[in-house]
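Read the structure below first, then the notes.
The values are calculated or read from the model by the stated rules, or taken from the named source; none is laboratory data. Predicted model only: the values in this text are computed from it and were never measured. Here the Cβ is made from the backbone with ideal geometry for all residues, glycine too, and neighbour counts use every protein chain on show. Accessible surface is based on the protein model in full, side chains and every heavy atom, while ligands, DNA and RNA are left aside. Shrake-Rupley method; radii C 1.70, N 1.55, O 1.52, S 1.80 Å.
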Amino acid sequence: MNALGITLLWCGLQVTVVAALACVVYVACRKLAPAGRSTVALTGLLTVVGLSAIAFSPWPRWDVPVLTANADSAVETSPVDTNKTDTVTTPELAKVIDADTNATLDDSDDDPSFAAIFLDSFRQEMKDASVPVVETSTPSWRWPEILAALFLAGVAIGLLRLCGGLLVVQFHRRPRRNPVVDDAALIELVDVLQAELSCRRRIELRESDSISSAATFGWWKPVILLPVEWRGWTAEECRAVLAHEIAHVVRNDFLAWIFAQIGLVFHFYHPLVHWLAGRLRLEQELAADAAAAEVSGGQQVYLKMLARLALRQPDRPLSWPARTFLPTRRTFLRRIEMLRDSKNFVAKSSGSIRWLTVGLLAVVGLA
């Protein structure tokens, strides 16, 4: 059987167990604040990424074979047929056999240590890997090979989309494409909001004519991208939009979303992973809305400002890779619909329950 196909099946089974548990925990924690629910979804996705990395990595190895110290059982000799004339024993081969036999006999008095067992196993694997495999016939494709080929094709498409999205957001940093906003009043408002939301990073403001709503990208050097219509916004609307985007920077949502996309790349076929990623993105938006509402006049005032912005928002379609990191009009309308529930405006959740769920998912993933 194809080793990659078997590894994919085993990894998919592990991911199914962890993702199903994460979905159950997420549903059970619906009464938490959006920040707590996003942590649960992110923990499940990070566990999925960790399981995927371990499944396709040769380390750690938990199946190191235990070598016995009995020389009679450790060394097996095959009978030599004296009638065959093509059997030749070279001096080099005889030395290797004698060295292996003497080493086994010398170690027979004491129990081998774990280091000796590990090194012997590693050397044996290297010897086995160096032996050429002679194929007597051309095998036909079986289901493990087909599964591996489909998986590699899906991963290639996912990586292309992820890399394309990263290139698009980096393209928006170009001064010729998206100039820096040099409005003194807006820059001062950003400084005030950063102090209120405890954001210590330097944030760059740019404007673009290719987006219909504000967006934030970048982790080490974050950028807030504003649509060209921002000049027609009121001071309250500017405050609400900028507070929402700065809340994303404080929570490191861009970096968390990159990890979620990595999980989707390797498990594009899994509906539970897609569901967790979708909930993560929505909860990130709701958590940023809850934080922005606290510094923008409260729930009702904030919701009315978003509704006014939605009515004036132009519909500019984004390219396929850009949708990975930039919000769409559909996401904006979904936020307004979810914010009608007052529980989504809770900015903070219970820390004990939050970390208890995170620990549960981490322990299950390790197990």
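Considering only the stretch 174-181, I want to know if a residue exists there that is assigned to a helix (DSSP H, G or I) and among the polar types (S, T, N, Q).
no
Within the stretch 239-264, take every residue that is open to solvent by 30 Å² or more (accessible area, probe 1.4 Å) and in contact with a Phe, Trp or Tyr (Cβ under 7 Å, 6 or more places away or on another chain) and give me the one that is nearest to A35 (Cα to Cα).
This residue is N252.
Residue by residue through the stretch 183-203, note down the ones that are assigned to a helix (DSSP H, G or I) and either open to solvent by less than 30 Å² (accessible area, probe 1.4 Å) or in contact (Cβ under 8 Å) with a residue 60 or more places away in the chain (or both).
The answer is L186, V190, L193, Q194, E196.
In this structure, does L45 turn out to be in a helix (DSSP H, G or I) and either at pLDDT below 50 or open to solvent by 20 Å² or more (accessible area, probe 1.4 Å) (or both)?
no
Applying the selection to the stretch 162-178, what residues are open to solvent by less than 20 Å² (accessible area, probe 1.4 Å) and within 11 Å of L326 (Cβ to Cβ)?
Correct list: G165, V169, H172.
Given the structure, is F254 assigned to a helix (DSSP H, G or I) and at pLDDT 90 or above?
Spelling it out, F254 is indeed assigned to a helix (DSSP H, G or I) and at pLDDT 90 or above.
Do we have V40 as farther than 18 Å from V155 by Cα, surrounded by fewer than 17 Cβ atoms within 10 Å (Cβ to Cβ) and in contact with a helix residue (DSSP H, G or I) (Cβ under 9 Å, 6 or more places away or on another chain) here?
It is false that V40 is farther than 18 Å from V155 by Cα, surrounded by fewer than 17 Cβ atoms within 10 Å (Cβ to Cβ) and in contact with a helix residue (DSSP H, G or I) (Cβ under 9 Å, 6 or more places away or on another chain).
Being surrounded by fewer than 16 Cβ atoms within 10 Å (Cβ to Cβ), out of contact with any strand residue (DSSP E or B) (no Cβ under 6 Å at 6 or more places or on another chain) and under 30 Å from C163 (Cβ atoms) is the requirement here; does H267 meet it?
Answer is no for this residue.
Scan the stretch 287-297 and tell me whether some residue there is in contact with a Ser or Thr (Cβ under 7 Å, 6 or more places away or on another chain) and either more than 19 Å from R340 (Cβ to Cβ) or not aliphatic (A, V, I, L, M) (or both).
No, that holds for no residue.
I'd like the full set of residues that are of a type in the set (S, T, N, Q) and open to solvent by 60 Å² or more (accessible area, probe 1.4 Å), limited to the stretch 285-318.
Q300 - this is the single residue of the stretch 285-318 that is of a type in the set (S, T, N, Q) and open to solvent by 60 Å² or more (accessible area, probe 1.4 Å).
It is to be established whether one or more residues within the stretch 355-367 are open to solvent by 30 Å² or more (accessible area, probe 1.4 Å), in contact with a helix residue (DSSP H, G or I) (Cβ under 9 Å, 6 or more places away or on another chain) and either part of a loop (DSSP other than H, G, I, E, B) or at pLDDT 85 or above (or both).
No - not one qualifying residue is present in the stretch 355-367.
Just for the stretch 204-218: of the residues that are touching a Lys or Arg at 6+ places or on another chain (Cβ under 9 Å) and in a loop (DSSP other than H, G, I, E, B), which one is most open to solvent (accessible area, probe 1.4 Å)?
D209
Within the stretch 304-325, which residues are of a type in the set (K, R) and in contact (Cβ under 8 Å) with a residue 12 or more places away in the chain?
R308, R312, R316, R323
Taking L280 as meeting all but one of (1) in contact with a helix residue (DSSP H, G or I) (Cβ under 6 Å, 6 or more places away or on another chain); (2) closer than 19 Å to S38 by Cα; (3) surrounded by fewer than 19 Cβ atoms within 10 Å (Cβ to Cβ), write down the number of the exception.
(3)
Within the stretch 222-249, how many residues are more than 16 Å from A185 (Cβ to Cβ) and touching a strand residue (DSSP E or B) at 6+ places or on another chain (Cβ under 7 Å)?
Looking only at that region, the number is 8.
Can you tell me which residue within the stretch 180-232, out of those that are among the basic types (K, R) and within 29 Å of the chain's Cα centre (by Cα), is nearest to L166 (Cα to Cα)?
Here the residue is K221.
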